[in-house]
């Protein structure tokens, strides 16, 4: 059977991880290697300040998982080189509780960061996020398996398609976002390049925190972008490359401009 590596950035106890595992069952041998807690906003960061450890735990359904006391990217690397000792057929990161759309999210998101880490090592990767509203300061976010059913169905269909057909030519990973309440259709999108507005709220005493995270923090954009399509109720699939090499022509122009040619 295909080997599917499953991770996330909300931590091993997240309902989103359990939902993803249920969605993937039957498509392959699902191996869960996840961080010990939430690492939202960490991107592809690695842990350099402490020793990392791997522990075996039981998930809520009684199945085994490996837990790493590090970032999602740490978890992916340890899974590839220490646990699986080889490439899985697919990496799934999610189901993330909150949207991941626009260029800023693609650079900040540890859900996407985990998929990017795997893609850099030649593993077909899918990062899937459920675009619910959330307050980063409130822990114990209550989301049910029932609410995640549309996200689970989307994940299962996309994972099956990638396992059977592979990635489209020139694509290394897919960033998928599911709107709340299901979707009216599916759109292949490009990342919105519009920057978010001020997202930090000031409290008495001069401290700041990131305000509630929902689609309202993203500036409106065209329907062909992930932000624009998601706000209209579409499930968005954003194909990405792990690396974006510059053309030789642009490089020559740059070097000529600084007197190197």
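Please treat every number below as a calculation from the coordinates, not as lab data. All figures in this text were calculated on a predicted structure; none of them were measured in a lab. Here Cβ is always computed from backbone atoms with ideal geometry, including for glycine, and neighbour counts include all displayed protein chains.
So here's what we get for this one:
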| read-out | value |
| --- | --- |
| Region 1-107 shape via C-alpha gyration tensor axes, a/c threshold 1.5 | rounded |
| Residue-averaged [θ]222 nm for the chain, counting only DSSP H segments that reach four residues, each worth -39500 (n - 2.57) | -7500 deg cm²/dmol |
| Nearest-0.05 FRET efficiency for residue 195 and residue 84, computed from C-beta distance (R0 45 Å) | 0.75 |
| Theoretical gain in end-to-end length, residue 157 to residue 169 [0.36 nm per residue, Cα-Cα removed] | 2.4 nm |
| Rounded, prolate or oblate (a/c below 1.5 giving rounded, otherwise prolate when a/b exceeds b/c) for the chain by Cα gyration tensor | rounded |
| Extent along principal axes [Cα atoms of region 89-132; Å; largest to smallest] | 29, 18, 12 |
| Computed label-point distance, nm, for sites residue 46 and residue 188 using a 7 Å Cα→Cβ extension | 3.3 |
| Residue of 157, 193, 51 that the Gaussian network model of the chain assigns the largest fluctuation, springs spanning Cα pairs under 10 Å | 51 |
